[in-house]
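This report concerns only the one structure given below.
The values are calculated or read from the model by the stated rules, or taken from the named source; none is laboratory data. All of these numbers come straight from a predicted model, not from anything done at the bench. Neighbour counts run over all protein chains shown; Cβ positions are idealised from the backbone, glycine included. Accessible surface areas use protein heavy atoms only, side chains included; no ligands, DNA or RNA. Shrake-Rupley method; radii C 1.70, N 1.55, O 1.52, S 1.80 Å.
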Amino acid sequence: MNGHPLYTVAQARELERTAIDALRIPGYELMRRAGAAALDQLRLRWPGARRIAVLCGTGNNGGDGYVLARLARDAGLDAVVVALGPPRNASEAAQAQADWRAGGGEVLPPDAQWPQADVYVDALFGIGLARAAEGAAHGLIERLNTAAKPVLALDVPSGLDADTGFAPGQAVRAAATITFIADKRGLHTGVAADCTGDIAVDSLGVPDDTRAGIRCDARLLDAAGIAASLPPRARDGHKGRYGHVLAIGGDHGMGGAIRLAGEAALRSGAGLVSVATRAEQVAAINAARPELMAHAVSGIQELKPLLERASVVAIGPGLGRRAWGHALWRTAIAAGKPLVLDADGLNLLANDSLALPAQSVLTPHPGEAARLLGVEVAAIAHDRFAAARELARRHHATIVLKGAGTLIANVDGDIAVCPWGNPGMATGGMGDVLTGVIAGLLAQGFDPWRAARVGVALHARAGDAAARDGEAGLIAGDLLASLRRLRNGFGAA
């Protein structure tokens with residue numbers, strides 16, 4: 001799987017131990033490199049900053065902060081340090097604090113008057129905190145978040161779980177984060193979207209070959225990899241070569257959902273798209289998008305011949321959970337065709353767990369994922385990676401766990417993380433469009449894992465293109481024109 005590697009906290013610590021033990025890089029040398037890299041990042045992003053305030057914890061993250069403060073002072077900047085407490089005895093952080101003090105640096109207690117600064121540096125906890133911050137630490141995080149000045153977080157914003165992207169309590173909302181040695185998976189999903197700001201990764205000079213024995217836990221989708229998965233069409237292509245999607249849904253009052261899914265399948269390159277829906281929806285679909293072959297389906301007898309002609313089935317948008325939708329759902333799954341299951345198709349599965357076709361993609365949002373796993377929605381947020389993997393294992397399918405930093409998981413335990421998308425996409429119909437995109441790619445011969453990754457990328461990038469006119473008020477239909485452009489050249493939007 002192509003893409004930028006992401007690691008768990010345990011893996012990042014193993015890489016650090018390898019650098020110290022096998023490569024004989026002293027721990028304090030790594031700390032010095034971290035402080036220097038962080039200062040370089042600060043000056044690159046805020047070249048006009050003259051006064052910085054560094055908030056240091058008692059562990060190695062705090063040590064990185066002391067080094068940054070010392071180097072900033074040596075470079076002629078005005079630097080001040082606020083510390084939660086003394087560093088641990090005989091630690092690299094203690095040495096870093098001693099070097100800061102040796103040059104005349106003062107260490108203020110957490111209850112000191114709040115220092116004014118052009119940029120604040122969060123060096124409180126890093127990857128070492130997986131619980132809610134308390135006491136003085138909680139107070140300092142609150143002050144950082146109300147300082148009205150940019151914050152640079154070292155390694156991970158304090159209060160954010162670097163493994164899961166969940167914040168069990170208050171977390172620093174940084175303008176930028178520089179993470180060290182290896183990129184952490186929790187910086188790219190869930191609450192992290194509101195905490196990290198722009199992310200930079202610095203290896204601290206640790207060679208790439210130290211990663212040879214450690215298989216990264218996940219990968220971040222990258223534009224080059226997605227573009228390589230979207231080759232141009234053959235000059236002798238014809239519609240039959242690009243598959244036939246059957247989109248099933250659109251119960252009373254929900255015809256728009258299945259129309260969006262059908263059009264998205266066309267815009268992503270499917271050769272033919274049929275829609276099986278209520279009779280009342282057919283005229284509107286024909287008028288709005290005549291390229292869709294809309295069929296009035298009152299029951300399974302009318303659905304079966306449509307299933308026979310289809311190469312891929314997408315079911316769920318506007319399906320409902322009444323007898324009509326349930327009957328079509330069971331019949332569609334039994335057909336054994338490659339399948340995309342969304343919306344009420346997932347809710348029906350939560351109540352009636354059928355075996356799915358071998359080539360199936362499920363696209364739950366956190367609420368649907370919770371119903372499928374029989375847990376509270378909060379449990380999904382606590383560990384999105386574990387939830388996605390368990391869904392893939394339980395249903396023997398490729399899973400798209402939607403949300404900020406959408407996760408794509410396969411039955412082998414591989415996970416890809418989407419770096420694109422925006423809050424404007426939190427509106428009705430977005431999931432229907434995604435269903436159609438993935439179904440359209442399946443119809444063109446993509447396997448489920450590839451179709452899900454490329455489909456999520458196309459959908460998210462199309463959302464970003466649509467958001468250029470503002471996030472508020474963005475609607476699902478705004479993505480369709482950009483979908484076509486991106487399908488034909490992922491660098492376009």
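Some notes on this structure:
- Extended-chain gain in nm, criterion 0.36 nm per residue less alpha-carbon gap, residue 396 and residue 426: 8.0 nm
- Ranked by the mean number of other Cβ atoms within 10 Å per residue, highest first, peptides 123-135, 289-301, 447-459 order as 447-459, 123-135, 289-301.
- Shown in residue order for the stretch 156-171 are the 3J(HN,Hα) couplings computed by the Karplus curve 6.51 cos²θ - 1.76 cosθ + 1.60 at θ = phi - 60°: 7, x, 4, x, 9, 6, 6, 8, 10, x, 9, 10, x, x, 5, 10 Hz (x for Gly and Pro).
- Using the rule -39500 (n - 2.57) for each DSSP H run of four or more residues, divided by the residues of the chain, the 222 nm mean residue ellipticity is -12000 deg cm²/dmol.
- Each Lys and Arg Cβ is given +1 and each Asp and Glu Cβ -1; about its Cα centre, the stretch 70-222 then shows a dipole of about 200 debye.
- Dipole of the stretch 24-71, positive end: most advanced residue of 31, 62, 48 [Cβ charges, Cα centre]: 48
- Alpha carbon convex hull of the chain, projected area averaged over orientations, nm²: 24.5 nm²
- Across the chain, the relative contact order, built from alpha-carbon pairs under 8 Å that are at least six residues apart, equals 13 percent.
- Across the stretch 247-289, Cα pairs under 8 Å and at least six residues apart give a relative contact order of 45 percent.
- The packing ranking of peptides 190-203, 231-244, highest mean first, is 190-203, 231-244, where packing means the average number of other beta carbon atoms within 10 angstrom of each residue.
- Relative to the globular-protein estimate of 2.2 N^0.38 Å, the Cα radius of gyration of the stretch 408-473 stands at 1.17.
- At a probe radius of 1.4 angstrom, the accessible area of the stretch 1-92 per residue rounds to 44 square angstrom.
- Taking the stretch 250-321 and dividing mean pair separation by its residue count, relative contact order in percent (alpha carbons under 8 Å, at least six apart): 37 percent
- Surrounding net charge for residue 268, when Lys and Arg each add one and Asp and Glu each subtract one, Cβ distance under 9 Å: +3
- Förster radius 22 Å - calculated FRET efficiency between residue 194 and residue 88, Cβ distance, rounded to 0.05: 0.10
- Positive dipole terminus of the chain, leading residue within 167, 305, 138 (C-beta point charges): 305
- Overall shape: oblate for the stretch 1-95, with the ratio a/c of the largest to smallest alpha carbon gyration tensor axis at 1.5 or above and b/c at least equal to a/b.
- Contour minus Cα-Cα distance for residue 300 and residue 51 (0.36 nm per residue): 82.5 nm
- Accessible surface of the chain [probe 1.4 Å, protein heavy atoms]: carbon and sulfur percent: 49 percent
- Residue separation of residue 330 and residue 233 scaled by 0.36 nm, minus their Cα-Cα distance, works out to 31.4 nm of gained length.
- Highest to lowest packing among 154-160, 473-479, scored as the average C-beta count within 10 Å: 154-160, 473-479
- Dipole-positive endmost among 430, 249, 91 within the chain (Cβ charges, Cα centre): 249
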